[in-house]
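Working notes, beginning with the structure itself.
The values are calculated or read from the model by the stated rules, or taken from the named source; none is laboratory data. This is a predicted model, so every value here is computed, not measured. Quick reminder, even Gly has a Cβ in these numbers, built from the backbone with ideal geometry, and neighbours come from all protein chains shown.
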Amino acid sequence: MSDAKVATMASVWEGGGSPYAIGSKKFGMWLFIISDALTFSALLVAYTYLRLATPDWPKPFHFVPSVVFSSIMTFVLLSSSLTMVMAVHNMARGNRKATVGWLLATIVCGAAFCGLHLIEWINLIRHEKVTFFSNPWNVPQFGATFFSLTGLHMTHVAIGVIYLSIIAFAVGRGKFSYEDVEVSGLYWHFVDLVWMFIFPLVYLLSARP
Amino acid sequence: MEHAVTTKTFTLVWVSLLALTGVEIFLAYEQLQVLIMLTALVGLSVIKAALIISYFMHLKFERFSLFLTLFPMLVICILLLFIMIPDAHRALGMRPPQ
């Protein structure tokens, strides 16, 4: 072990150090993400349980519009992660103007995701007659799990859009540091990550063949 | 704060994520057995999640101790949730014949 490493470890044990070499804001966001990941895991497992326990689980998602819409939504959300990474990248170089631009692109993608998702919900409610409590196939568990999972995720996206708007506004006025942008990025990527599980498990596994 | 990751790396990760999504959509329309389909879709999603966590969320470039603090616990908790799954078959078997 090098002398430098021994010195770091000694200072960690003496207290006052930063054992993970990251700020407390970032560590706090990581802890929140882990607990939120467990919330979504519990919902996904509950969905899987109900699906396995129910004979003839409905497959209401037509290729057009549902699967096409949800694929476009996946593309939009993945692209918003790329623009978020670019925002953090520019903030690290102290380029606030570019950071605000990339943050605005991320916000537009997030808002587009919510809009597309609402259109898809309305299509499902109006044309397929699926609601939270009932549907034509007499499997009420379908609507309950579908709207809970996608609704909680959409809430996260909506909160993320508000969060990023605040960050973009403050960064534009010369406030907030690199860490604040990076922490908001962690949240945004997590929301993207959750969709990577909801999209195949909820939409693709219930696509009408 | 500064590290060796460039815009090119991020774009490559983004392209691979899109490609993996494309594979998932293709698989959804292949008539596979449910268990094989589920394994393939969840497997691809875990790969996508790992890409997002390591590159976009930067965990690959943090201290390894941060990963060890956060993730083994999360994985164990998620695996423990699956204790419920075998019960779904019992619930299915308890349905009165229609």
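Collect the residues in the range A:90-107 that are of a type outside the set (A, V, I, L, M) and surrounded by 19 or more Cβ atoms within 10 Å (Cβ to Cβ), keeping them in residue-number order. Across the range A:90-107, the qualifying residues are A:Asn90, A:Thr99, A:Trp102, A:Thr106. A search for C-beta distances below 6 Å between a residue of the range B:3-22 that is over 20 Å from A:Leu193 (Cα atoms) and any residue that is at pLDDT below 95 and of a type outside the set (Gly, Ala, Ser), counting only pairs 6+ apart in sequence or on different chains, returns B:His3/B:Phe61. Against the list (1) assigned to a helix (DSSP H, G or I); (2) more than 9 Å from chain A (Cβ to nearest Cβ); (3) of a type outside the set (Gly, Ala, Ser); (4) more than 20 Å from the chain's Cα centre (by Cα), the condition B:Pro96 fails is (1).
Looking across the range A:74-95, the residues that are within 11 Å of another protein chain (Cβ to nearest Cβ), touching a residue at least 40 places away in the same chain (Cβ under 8 Å) and among the hydrophobic types (A, V, I, L, M, F, W, C) come down to A:Leu77, A:Leu78, A:Met84, A:Val85, A:Val88, A:Met91, A:Ala92. Would you say B:Ala88 is surrounded by 12 or more Cβ atoms within 10 Å (Cβ to Cβ), of a type in the set (A, V, I, L, M, F, W, C) and more than 9 Å from chain A (Cβ to nearest Cβ)? So B:Ala88 does not fit the description; no.
Looking across the range A:61-73, the residues that are in a helix (DSSP H, G or I) and either modelled with pLDDT of 95 or more or within 11 Å of chain B (Cβ to nearest Cβ) (or both) come down to A:Phe63, A:Val67, A:Val68, A:Ser70, A:Ser71, A:Ile72, A:Met73.
With respect to A:His89, determine if the residue is part of a helix (DSSP H, G or I) and either within 26 Å of B:Val5 (Cα to Cα) or in contact with a Gly (Cβ under 9 Å, 6 or more places away or on another chain) (or both). Quick ask: steps written out before the conclusion?
Working: part of a helix (DSSP H, G or I): yes; either within 26 Å of B:Val5 (Cα to Cα) or in contact with a Gly (Cβ under 9 Å, 6 or more places away or on another chain) (or both): yes.
The answer is yes for A:His89.
In the range B:24-41, the residue that is nearest to the other protein chains (Cβ to nearest Cβ) out of those that are surrounded by 14 or more Cβ atoms within 10 Å (Cβ to Cβ) and out of contact with any Pro (no Cβ under 7 Å at 6 or more places or on another chain) is B:Ala28.
Here B:Thr11 does not qualify as at pLDDT 90 or above, surrounded by 12 or more Cβ atoms within 10 Å (Cβ to Cβ) and out of contact with any helix residue (DSSP H, G or I) (no Cβ under 9 Å at 6 or more places or on another chain).
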